[in-house]
Amino acid sequence: MSRFRFRRAVHEGPGKTGSYGVDEHAAPGYLATASRLHSFNRYEIKYFIDERDVPALREALATQMDTDPHSPTGGYPVTSLYYDTQSLRFYWEKIEGLKFRRKLRMRLYGAPSECTADTPVQVEIKQRVNRVTQKRRIALPYGDACRWLHDGEGLDWTPQQRAFSEEVTMLVGDLDLRPIVTTGYLREAFIGRGADVGLRVTIDHKVHGRDRDLAFASGGENRFIIPPHLAIVELKANERVPYWATDLTARLNMSVIRVSKYCQSVEVFGMAPRSILGPPELIAHGGESAVVPDGLLEDSVPVS
């Protein structure tokens, strides 16, 4: 797939230029939540959980945390488009466990089928420094993001955004970054209260991706990159994870895992060999189809 063909597929029309940010009156609630997490450092711990055990986890979390007010019952769609070099530099940095590594992605909150040139998206650098995860991002219309990242057009940045936009532009140009794969899922979110105000727990269902037709609204075929009977749970804390949370994961027999949705997508689509260090849970059960049924990904997960 050439970069030129991708540009033509993704660029759906001119977006709005100007001072970029999120119009919270026009955006869905969960997008407004994302915009407030503009720049932060966090510790992140990931687990697998069988979907049959999610109701017990949800019930236990409700005793200690609040449901994110912008997270609808059962979750909301999140789709990310990842960029990398032709030799998959960012992928291999993750596999090799570099202490400092980063990746560039464009993220959509909301139904992919409803994405237009005017839909707000997040352009984000996510980097890992030792055990700390750092994220920096800005919001802008999808059409403008495509013109910037895929066509190399300059945009009108505010002084506060200029340093980040120049870093992204340099990464794309110097490393010749190009779109590689998408990942997506339905996310439920919980936020800490009281002494745990910095804690956030997410449950990601139906984790999927694709390696072609990469425009968000293309309607291209998705495949599960994590067996659909599993969800990914992430505990995210500014400083520490409370004891009750680690005790809860132990009671539910949830083991810490090292899994990257981006790396999973790369491996599932044969761009790199599957890691021999991958969790054994990633072996699909008999009868689980790799192809995601139409319409499944834009509906909330039924709450048991």
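The values are calculated or read from the model by the stated rules, or taken from the named source; none is laboratory data. Everything numeric in this text was worked out from a predicted model, so none of it was measured. Neighbour counts are summed over all protein chains in view; Cβ atoms, including those assigned to glycine, are modelled from backbone coordinates with ideal geometry. Quick note on the areas: whole protein, heavy atoms, side chains included, nothing else; ligands and nucleic acids left out. Shrake-Rupley method; radii C 1.70, N 1.55, O 1.52, S 1.80 Å.
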Region 149-175, residues that are open to solvent by 20 Å² or more (accessible area, probe 1.4 Å), β-branched (Val, Ile, Thr) and in a helix (DSSP H, G or I): Thr169, Val172
Test: residue in region 140-148 that is surrounded by 19 or more Cβ atoms within 10 Å (Cβ to Cβ), touching a strand residue (DSSP E or B) at 6+ places or on another chain (Cβ under 9 Å) and of a type in the set (Phe, Trp, Tyr): yes
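Given the criterion open to solvent by 20 Å² or more (accessible area, probe 1.4 Å), assigned to a loop (DSSP other than H, G, I, E, B), modelled with pLDDT under 95 and within 14 Å of Lys46 (Cα to Cα), identify the matching residue among Gly270, Gly278. Walk me through how you get there before you give the answer.
Working: Gly270 fails: within 14 Å of Lys46 (Cα to Cα).
Step by step, each of Gly270, Gly278 is checked, and only Gly278 is open to solvent by 20 Å² or more (accessible area, probe 1.4 Å), assigned to a loop (DSSP other than H, G, I, E, B), modelled with pLDDT under 95 and within 14 Å of Lys46 (Cα to Cα).
Could you please let me know if Phe48 is crowded, with 18+ Cβ neighbours inside 10 Å, at pLDDT 85 or above and at negative phi? Break it down into steps so the answer makes sense when it comes.
On the way: crowded, with 18+ Cβ neighbours inside 10 Å: yes; at pLDDT 85 or above: yes; at negative phi: yes.
So Phe48 fits the description; yes.
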Options Arg128, Arg137: the member that is open to solvent by 20 Å² or more (accessible area, probe 1.4 Å) and assigned to a strand (DSSP E or B): Arg128
Meets criteria (farther than 26 Å from Thr119 by Cβ, more than 17 Å from the chain's Cα centre (by Cα), among the aliphatic types (A, V, I, L, M) and open to solvent by 50 Å² or more (accessible area, probe 1.4 Å)) for Ala250: yes
From the options Arg223, Arg178, residue that is closer than 20 Å to Tyr76 by Cα, touching a strand residue (DSSP E or B) at 6+ places or on another chain (Cβ under 9 Å), surrounded by fewer than 20 Cβ atoms within 10 Å (Cβ to Cβ) and of a type in the set (Lys, Arg): Arg223
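Quick check: is even one residue across region 203-214 in a helix (DSSP H, G or I), of a type outside the set (Phe, Trp, Tyr) and either open to solvent by less than 60 Å² (accessible area, probe 1.4 Å) or at positive phi (or both)? Please lay out each step first, then the result.
Going through region 203-214, the residues in a helix (DSSP H, G or I) turn out to be none.
No, every residue in region 203-214 fails to be in a helix (DSSP H, G or I), of a type outside the set (Phe, Trp, Tyr) and either open to solvent by less than 60 Å² (accessible area, probe 1.4 Å) or at positive phi (or both).
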Which numbered condition Glu124 fails, given (1) in contact with a Cys (Cβ under 7 Å, 6 or more places away or on another chain); (2) without any contact (Cβ under 8 Å) to a residue 24 or more places away in the chain: (1)
Qualifying residue in region 61-78 (condition: within 17 Å of the chain's Cα centre (by Cα), open to solvent by 10 Å² or more (accessible area, probe 1.4 Å) and closer than 19 Å to Cys263 by Cα): no
